[in-house]
Amino acid sequence: MTKPIILFIAPPKTRRPMSGYISPLVDASVPLGILSMASFLEKNGYPVKLIDNLGDKESMPHKFKKEEIMYGIPKERLKQRIRNVNPSIVGISGQFNAHLDMVLYVANLVKEINPKIPIVVGGAVVNDEIVKILKDEPIIDLCVYGEGEYTILDLVKWCEGKIELKDIDGLAYKKDGKIIKNKPRQWNFNLNELPFPAYNLVDMDWYLELPKRGVHYRLKDNYRTMTMITSRGCPENCNFCAIHLVSGKAWRAFSPEYIVEHMKLLVEKYGVEQIHIEDDNFTLDMKRAEKICDLIIKEGVKVRWDTPNGVRADKLSERLIVKLKQAGCWRLTVAPEVGNQEVLDKIIDKKMDLKRVEEAARLCQKHRMPLVAFFVLGFPGETKKNLQETVDFAKKLMRKYGVIVGGAMHATPFYGTRLWKEVNEKGYLTKEVTPESLGQSLSGKAGLIKTPEFTPEVVQNYNQKIIRASFFYSAIRYLKQPWKIPYRFRNFFLIKSTLMRFVKGVDV
């Protein structure tokens, strides 16, 4: 009997007008979630195909809807690629809420080819709004919520007729006009049983050379860069964070040995020069983090890496910072969120002492470890005084410790979070939550929340104070290190030429 073929599709990305210009640069990273599920399916003997709209040689910029720009495989060519696979089921990944429009774009193409192909969607676009998505979007047949490896394996077995949908944990689906949400799947507490991501499904050399073509991820540099996740879950309870809906509160980690072997594979087989560790809690177990560093040093793994998603400032000791630097970590990121302890404790519900942020900043400065800090402005319950306190705290970190702060995000109500529920119940939303409005809020351009204390415009004024201070202290840093100035501006001509290609792109 021929085994069913699952086709995973990583959708295109769009760039929208912000602040009067269109950025031609697309954030492109290897789709780790898909590759993890794919390797698990391959381990269990099932064939897997992947169409990755961000790392494909046929991907290109296109004009798309008004002034929006899409980066991906041209429409008709994408449809032909789907036809060529003739899949039994199609899985589409939506990494963030703001990607829902592109998930639906791909789903519509699949249904145009064959309305009978089941479409399953996973990722952050699913979370607690599963019922709403299945109700509002007729083209979506199934949703995976939570971790996907075992659920997607069961779905492929369903395609073989070996299991019924009602027996698949972590799944929501439609039946007889009704939406059914099965019980959650238990979190995997033995992550080491998962094989390394199925890098064989992507052209790694092409992906790793994308920065030289003006397509980057996280940083605008030319390093051969990959992302990695070394742990899952977060025991914290921040009111704006949606990670619990995807990976739960139970923190689980790959072993240090697994992680370092994974790094060695990337470096030795694929020539990776830089790794972004995307964990939400890389240093939660400080002894584990130290052991990872010790093994990197012992095994002689030559790679630079950082923690762009942020680590807890109260989980950074001087000993650990020294080891991180010795092991190739070149930059750390922390997330104070705000500058007022009461707001952090009672509104955001993040149990962390802001004094520990200053201590981490002092230690990083002492050991010449660059430190980035994230801030968020405009939570319901904050006052203008609180907003100014966040501005003052950000300035203090920049002035006293040389911390890098690029600006602040607006508090953004992701579907399913406590913040989302609060702003809806109190009528604080200023506009519909769409992929575009989410993107603008996250970029710090235009907020979505209005309370009796502030409007989005007021919040933006405070954000501008942080941005102006950031430019000032950045200028001081570059004056002290003039040899870095060419690096800072080396992408100018690349950006200009890429923008022209986008503007002249074909319509989709």
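The values are calculated or read from the model by the stated rules, or taken from the named source; none is laboratory data. Keep in mind it's a predicted model, so treat the numbers as computed, not measured. When we count neighbours, we look across all protein chains shown, and the Cβ atoms used for this are built from the backbone with ideal geometry, even at glycine.
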Counting only residues in region 451-475 that are in contact with a Gly (Cβ under 9 Å, 6 or more places away or on another chain) and among the charged types (D, E, K, R), the one surrounded by the fewest Cβ atoms within 10 Å (Cβ to Cβ) is identified as E457
Quick check: is even one residue across region 192-203 over 30 Å from K132 (Cα atoms), of a type outside the set (S, T, N, Q) and more than 23 Å from the chain's Cα centre (by Cα)?
yes
Options N44, N53; residue that is under 21 Å from V156 (Cα atoms), of a type outside the set (V, I, T) and in the same structural domain as Y145 (by TED's automatic domain parsing):
N44
Looking at region 303-322, which of its residues are of a type in the set (K, R) and in contact (Cβ under 8 Å) with a residue 40 or more places away in the chain?
R304, R312
Scan region 253-265 and give yes if some residue there is within 12 Å of D280 (Cα to Cα) and either out of contact with any helix residue (DSSP H, G or I) (no Cβ under 6 Å at 6 or more places or on another chain) or not β-branched (V, I, T) (or both), otherwise no.
yes
Going through region 412-444 in order, the residues found to be surrounded by 19 or more Cβ atoms within 10 Å (Cβ to Cβ) and of a type in the set (D, E, K, R) are E436
Taking into account only those residues within region 461-496 that are of a type in the set (V, I, T) and either more than 28 Å from the chain's Cα centre (by Cα) or modelled with pLDDT of 55 or more (or both), which is nearest to G378 (Cα to Cα)?
I466
Filter region 98-127 for residues that are in contact (Cβ under 8 Å) with a residue 12 or more places away in the chain and assigned to a loop (DSSP other than H, G, I, E, B) and give the result.
I117, P118, A124, V125, V126
Leading residue by the ranking (modelled with the lowest pLDDT) among those in region 114-134 that are over 13 Å from S88 (Cα atoms), surrounded by 17 or more Cβ atoms within 10 Å (Cβ to Cβ) and of a type in the set (V, I, T)
I130
Quickly run through region 346-384 and pick out the residues that are surrounded by fewer than 19 Cβ atoms within 10 Å (Cβ to Cβ), more than 20 Å from G406 (Cα to Cα) and over 25 Å from the mean Cα position of the chain (by Cα).
K346, D353, K355, R356, E359, K366, H367, G381, T383, K384
Against the definition (at negative phi and over 22 Å from the mean Cα position of the chain (by Cα)), how does I152 come out, yes or no?
no
Hey, which of the strands (runs of 3 or more DSSP E) in region 141-193, taking only ones fully inside, have at least 1 residues that are aliphatic (A, V, I, L, M), modelled with pLDDT under 95 and in contact with a Gly (Cβ under 9 Å, 6 or more places away or on another chain)?
142-144
Name the residues in region 252-279 that are surrounded by 17 or more Cβ atoms within 10 Å (Cβ to Cβ) and either at pLDDT below 95 or aliphatic (A, V, I, L, M) (or both), would you?
A253, I259, V260, M263, L266, V267, V272, I275, I277, E278, D279
Any hit, region 295-302, residues being in contact (Cβ under 8 Å) with a residue 40 or more places away in the chain and on the phi < 0 side of the Ramachandran plot
yes
Residues that are part of a helix (DSSP H, G or I), over 12 Å from A394 (Cβ atoms) and of a type outside the set (D, E), drawn from region 437-463:
S437, L438, G439, Q440, S441, L442, P456, V458, V459, Q460, N461
Quick one: count up the residues across region 200-216 that are assigned to a helix (DSSP H, G or I) and at pLDDT below 85.
4
Show me the helices (runs of 4 or more DSSP H) entirely contained within region 332-433 in which 1 or more residues are more than 25 Å from L284 (Cα to Cα) and assigned by TED's automatic domain parsing to the domain that holds E318.
384-401, 418-426
